[in-house]
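Here the structure comes first, spelled out in structure tokens, and everything after it is commentary.
The values are calculated or read from the model by the stated rules, or taken from the named source; none is laboratory data. Model, not experiment: these values are computed from the prediction. Positions of Cβ are backbone-derived with ideal geometry, glycine not excepted, and every protein chain shown enters the neighbour counts. Surface areas here come from the heavy atoms of the whole protein model, side chains and all, with no ligands, DNA or RNA. Shrake-Rupley method; radii C 1.70, N 1.55, O 1.52, S 1.80 Å.
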Amino acid sequence: MENDDYQPLLRRRRNRYLKWTESQVLEFLELVLDLVKDVPESLEKPTAQKFYAKIMEREPSSSENVGFVVNTVPNEFIVQFRSKYYAKVRESFIQKRLNQLNVIWAIIPRNNLASHYPSDFDTLHILNADHTLNVLWKLGITGKGVKVAIFDTGLTQNHPHFRNVKERSNWTNEKSLDDGVSHGTFVAGVIASSRECLGLAPDAELHIYKVFTNSQVSYTSWFLDAFNYAIYKKVNIINLSIGGPDFLDLPFVDKVLELSANNIIMVSAAGNDGPIYGTLNNPGDQSDVIGVGSINFDDKIARFSSRGMTTWELPLGYGRAGLDIVTFGSQVEGSDVHTGCRRLSGTSVSSPVVAGVAALLRSGASHKINMVNPSSLKQVLIEGAEKLPNYNIFEQGQGKLNLLKSMQLLLRYKPKISLIPSSLDFTTNYMWPYSSQPLFYGSVATIIQVVTAITSIYQPHFLPRFGLGLDGCPYTLLLIRMEKITKVSLKDI
């Protein structure tokens with residue numbers, strides 16, 4: 001057996017060796033040579049050093065000038081089965097195993113013929129959200145001391161997942177306070193479950209407002225009464241995983257403004273009427289509310305997630321982007337009606353994710369509690385958001401929720417003015433449809449929404465102003481005058 005017999009093996013793997021350090025190559029060659037059997041004693045057994053020297057001396061042929069790089073796809077794993085099964089069976093196996101763990105996962109779909117036949121593997125995307133949460137929880141940032149009100153279908157008494165249910169109240173015409181739909185329980189679990197499927201702020205103080213019957217019926221008057229009670233109880237955050245197209249329900253709209261004036265942060269679902277534009281639900285489309293859309297685990301906008309723009313101003317003016325932020329809302333895990341966990345999709349799921357994050361932010365900025373209000377919290381959420389490529393402002397708002405970055409922004413927060421969006425670039429997809437046409441004098445007006453952060457809450461005075469823009473287009477500007485606050489006009493921006 002001659003040394004040249006080893007050359008085919010080395011030729012096939014040479015490019016891979018040269019991606020390694022010299023020590024790694026030598027170590028691997030030692031392993032290969034140890035596996036060589038039956039070398040005649042008359043021949044000198046090759047050493048790793050000699051092989052490496054020979055490799056480095058040889059001139060590569062044209063066929064060997066093909067390089068490759070092996071990369072590990074972050075947060076993706078291949079799950080193998082011992083036999084071949086159809087997709088639903090494989091998913092049930094995976095779900096049974098992973099339901100006991102606090103992980104958010106999704107099976108990456110196959111866009112080929114293999115999706116119709118049995119297979120012995122699946123590719124999973126695991127969201128590594130626990131790392132940031134664990135860091136915050138270890139620092140004692142768990143939502144403690146934050147009053148979170150959930151306006152939904154109620155909650156079963158003594159549910160094992162929750163350790164800090166402060167109050168349950170019923171505003172419907174039914175007698176039971178329990179959840180007969182499971183929607184309200186799921187939403188509460190995403191925010192504050194402390195067992196099995198953990199919520200984001202497990203120590204948050206829950207105030208349960210049942211405003212929907214078990215037949216999923218509600219009335220504006222029920223909400224108005226419940227909102228007044230929330231103001232009386234001085235809750236900090238309200239989650240509304242509900243919405244509707246009726247922005248002309250003026251008593252409801254005015255009451256939401258009153259909640260903001262009383263320093264109550266409202267988070268609301270954008271709606272599940274996508275992918276059509278102009279389908280945002282109220283109150284998620286109001287400027288003082290944090291409107292939340294949904295993305296899948298591959299950071300793609302969920303098809304069901306409602307898109308902007310707002311339709312309030314039409315046909316007399318131009319709509320706003322409306323949508324503020326997006327986060328996970330597809331196959332998210334939450335508490336079931338009595339015990340255990342289940343998975344749901346929808347912007348009703350995304351809204352409590354943001355509400356839970358808001359509770360963490362508020363509890364983690366106790367030294368700046370006087371500066372935490374609907375304006376400042378909305379500022380740090382949208383400024384901390386990450387823009388998603390290939391999606392416009394009406395689809396993603398200001399981008400994907402980023403808890404850690406928003407927390408950092410809040411900890412060093414100072415009152416300021418935010419522009420939404422923060423900059424205008426008409427050459428990118430983000431500014432569609434404005435970027436699809438030339439910019440010239442007299443073109444479609446670009447509206448800037450101004451969010452003013454305040455350090456103290458006083459009785460607001462709403463001053464509508466009407467006029468004509470520089471291009472002759474009408475505009476409506478709603479100024480909110482507060483004591484101790486310098487007025488801001490468009491001339492100052």
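Scan region 105-143 residue by residue and report those that are modelled with pLDDT under 80, open to solvent by less than 50 Å² (accessible area, probe 1.4 Å) and more than 12 Å from residue 77 (Cα to Cα). Scanning region 105-143 gives 129, 130, 132, 133.
Taking residue 303 as the residue in question, decide whether it is surrounded by 20 or more Cβ atoms within 10 Å (Cβ to Cβ), assigned to a loop (DSSP other than H, G, I, E, B), out of contact with any His (no Cβ under 7 Å at 6 or more places or on another chain) and not small (Gly, Ala, Ser). Explain how you work it out, then say what you get.
Working: surrounded by 20 or more Cβ atoms within 10 Å (Cβ to Cβ): no; assigned to a loop (DSSP other than H, G, I, E, B): yes; out of contact with any His (no Cβ under 7 Å at 6 or more places or on another chain): yes; not small (Gly, Ala, Ser): yes.
Considered against the rule, which asks whether it is surrounded by 20 or more Cβ atoms within 10 Å (Cβ to Cβ), assigned to a loop (DSSP other than H, G, I, E, B), out of contact with any His (no Cβ under 7 Å at 6 or more places or on another chain) and not small (Gly, Ala, Ser), residue 303 comes out as no.
With respect to residue 330, determine if the residue is buried (at least 20 other Cβ atoms within 10 Å of the Cβ), within 19 Å of the chain's Cα centre (by Cα), at pLDDT 95 or above and under 23 Å from residue 278 (Cα atoms). No, not satisfied.
Would you list the helices (runs of 4 or more DSSP H) that sit entirely within region 181-278 and hold 1 or more residues that are in contact with a His (Cβ under 8 Å, 6 or more places away or on another chain)?
On the way: elements: 183-192, 220-233, 250-261.
Those helices (runs of 4 or more DSSP H) span 183-192, 220-233.
Residues are listed down the side, and each one gets a yes or a no for (1) in contact (Cβ under 8 Å) with a residue 60 or more places away in the chain; (2) open to solvent by 10 Å² or more (accessible area, probe 1.4 Å); (3) more than 20 Å from the chain's Cα centre (by Cα):
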residue: 295; (1), (2), (3): yes, no, no
residue: 312; (1), (2), (3): yes, yes, yes
residue: 337; (1), (2), (3): yes, yes, yes
residue: 350; (1), (2), (3): yes, no, no
residue: 360; (1), (2), (3): yes, no, no
residue: 365; (1), (2), (3): no, no, yes
residue: 373; (1), (2), (3): yes, no, yes
residue: 378; (1), (2), (3): yes, no, no
residue: 384; (1), (2), (3): no, no, no
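Scanning region 165-214 for residues that are closer than 14 Å to residue 356 by Cα, in contact (Cβ under 8 Å) with a residue 40 or more places away in the chain and open to solvent by 10 Å² or more (accessible area, probe 1.4 Å) yields a count of 5.
Listed by first and then second residue, the pairs linking a residue in region 125-136 that is among the polar types (S, T, N, Q) to a residue that is open to solvent by less than 30 Å² (accessible area, probe 1.4 Å) and at pLDDT 70 or above, with Cβ atoms under 6 Å apart and 6 or more places separating them unless they lie on different chains, are 132/403.
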